[in-house]
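Report on one structure; see the data block that follows.
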Amino acid sequence: MAYTGSYQSQVFGNGGSPYPFGAAELEEAARVKLSPEAFDYIAGAAGRGLTARANAAAFSRYGLTYRVLHQDIPTDPAVTILGTSLALPVLLAPAGVADLAHPEAEAGAARGAAEVGTSLVLSAVTSSPLEDVAAAAPSGHPWFQLAWSRDERLARSLVHRAEKAGYEAIVLMGDCYAAGWRPRELSHAFFPYRHGHGLGNYYSDPRFWALAGHTPSGPGLPDDAAREAAVAVWNQVFTRPSFAPGDLATLKSWTDLPILVKGVCDPSEARCLVEAGADGIVVSNHGGRQLDNGVAALDCLPAVCAAVAGRVPVLFDSGIRTGTDVLIALALGADAVMIGRPWLYGLALGGADGVAHVLRSLKDEFTSALTLTGHHTCATLSLSDLTPAGPQ
Ligand SMILES: Cc1cc2nc3c(=O)[nH]c(=O)nc-3n(C[C@H](O)[C@H](O)[C@H](O)COP(=O)(O)O)c2cc1C
């Protein structure tokens, strides 16, 4: 019997790993390590958490078809999405204020992703400027998540900076134009931006300071008074109040990079956005952080894929925890997936090394599942790999 991935053999060879392998154990270890407000910020969800729980539960409604006829061909889980080559069909989802998890923050995530051969989608709200994050992992192929600012010049500046710094795609955050109701954040009265987290891309942008009516004395965090004023301005300009499919043409006129829209769950919206020029769709409900009583993101995936009809890539996130979850999403039509909380937990436990552990584990488990369902690449996955698992 061959171990299908090199990470398993490495762990056996080393006599173990400093990190847990199960998603629940990883989360628990991060809980023990982090302050309550940091952990609740990362782990929390909207309202009672029904959407977040539905996201996870949706995967258990599918069974995988196990196959015995096989050929001696190595399994290769690599995919290419919009010109970016990925060693596995899993990217790191944009997640803001990662410095709450670990001081290496986004730079650590970028390095962990690059080590395993995949990409970080850098959040708009980071501790370091996007240029520094790209420079921290020179072999990486990062993407940038844009929060389309109410101030058009600021939005354009962020897009231009990302393109110049080598980011390979823009992921427009579609689903965070209003604040979700998150009781676990409220219980600590913890708004990280007020404490100096998350505004690295804004503090490094001259247009932002022009809006804030202030000239910073140098790079780095502004002093307390300037910061208080800056956070208030940022709150006003962070996202624009409306978004229509026709707006994509404006965004496309600013850049040659492909533009994906993240947070799409409604197939008719997906169809409109593709017809308006979106280069990719990300099915996501923000990990259940925005709207409680929401439909599980996985349950939206087949209809969105049908509406998109292969015209552009479809990515998926919200609830992916294991390699078999990745396989289910791909069999339902996704071209690749993203993980959110799991990489933040890995980062919390070991910086870049912890992120690489999470990705290597997913890669090995996914490669094993791909092989055992009779595939050598992701391209042949289809609905025939799935059977309804029945009520759980
Ligand atoms: C702490 C945290 C911060 C996040 N920040 C952002 C963000 O800045 N931009 C964004 O588009 N999505 C953000 N998300 C959502 C993720 O991109 C992703 O949609 C979600 O985490 C996927 O669900 P999962 O955590 O179940 O994998 C954040 C998620 C978490 C957990």
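Derivation of every value follows stated rules applied to the coordinates shown; laboratory data play no part. As the structure is a prediction and not an experimental result, all values here were calculated from the model. Note: ideal-geometry Cβ built from the backbone for every residue, glycine included; neighbour counts use all protein chains shown.
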### Task
For Leu298, indicate whether it is touching a residue at least 40 places away in the same chain (Cβ under 8 Å), within 13 Å of the ligand (Cβ to nearest atom) and closer than 19 Å to Val337 by Cβ.
yes
### Message
Condition first: more than 13 Å from the ligand (Cβ to nearest atom) and either of a type in the set (Val, Ile, Thr) or not in a loop (DSSP other than H, G, I, E, B) (or both). Now tell me which residues in the stretch 51-85 satisfy that.
### Response
Tyr62, Gly63, Leu64, Thr65, Val68, Ile73, Thr75, Val79, Thr80, Ile81, Thr84, Ser85
#### Entry: Unmet criterion (only one of (1) surrounded by fewer than 19 Cβ atoms within 10 Å (Cβ to Cβ); (2) free of Cβ contacts under 8 Å to residues at least 40 places away in the same chain; (3) within 21 Å of Ala58 (Cβ to Cβ)) for Leu386
(2)
### Query
Hey, Leu251 hits all of (1) within 28 Å of Ala58 (Cβ to Cβ); (2) assigned to a helix (DSSP H, G or I); (3) not charged (D, E, K, R) but one; which does it fall short on?
(1)
### Criterion (within 16 Å of the ligand (Cβ to nearest atom), surrounded by 15 or more Cβ atoms within 10 Å (Cβ to Cβ) and not in a loop (DSSP other than H, G, I, E, B)) met by exactly one of Leu88, Leu26
Leu26
### Task
State which residue pairs qualify: first residue farther than 18 Å from Phe243 by Cα and inside the stretch 157-183, second residue among the hydroxyl-bearing types (Ser, Thr, Tyr) in any location, beta carbons under 6 Å apart, and separation of 6 or more residues or different chains.
Glu163/Thr255; Glu168/Thr84
### Task
Show the residue pairs that are 6+ apart or on different chains and have beta-carbon atoms under 9 Å apart, the first residue being within the stretch 302-331 and crowded, with 24+ Cβ neighbours inside 10 Å, the second being of a type in the set (Ser, Thr, Tyr) and not in a helix (DSSP H, G or I).
Leu315/Ser284; Phe316/Ser284; Asp317/Ser284; Ser318/Ser284; Leu327/Thr373; Ile328/Tyr62
### Message
Can you tell me which residue is farthest from Tyr41 (Cα to Cα) among those in the stretch 172-210 that are part of a loop (DSSP other than H, G, I, E, B) and more than 16 Å from the ligand (Cβ to nearest atom)?
### Response
Asp205
### Query
What pairs come up if the first residue lies in the stretch 248-265 and is on the phi < 0 side of the Ramachandran plot, the second is hydroxyl-bearing (Ser, Thr, Tyr) and crowded, with 22+ Cβ neighbours inside 10 Å, and their beta carbons are under 6 Å apart, counting only those six or more places apart or on different chains?
Lys262/Ser284
### Query
Is it true that Pro142 is surrounded by fewer than 16 Cβ atoms within 10 Å (Cβ to Cβ) and not hydroxyl-bearing (Ser, Thr, Tyr)?
no
### Query
Does Val121 satisfy the criteria of being closer than 30 Å to Pro36 by Cβ and either within 13 Å of the ligand (Cβ to nearest atom) or of a type in the set (S, T, N, Q) (or both)?
yes
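This table checks each residue for (1) β-branched (Val, Ile, Thr); (2) away from the ligand (no atom under 16 Å from the Cβ).
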| residue | (1), (2) |
| --- | --- |
| Cys305 | no, yes |
| Ser318 | no, no |
| Val326 | yes, no |
| Arg341 | no, no |
| Ala348 | no, no |
| Asp353 | no, yes |
| Ser361 | no, no |
| Phe366 | no, no |
| His376 | no, yes |
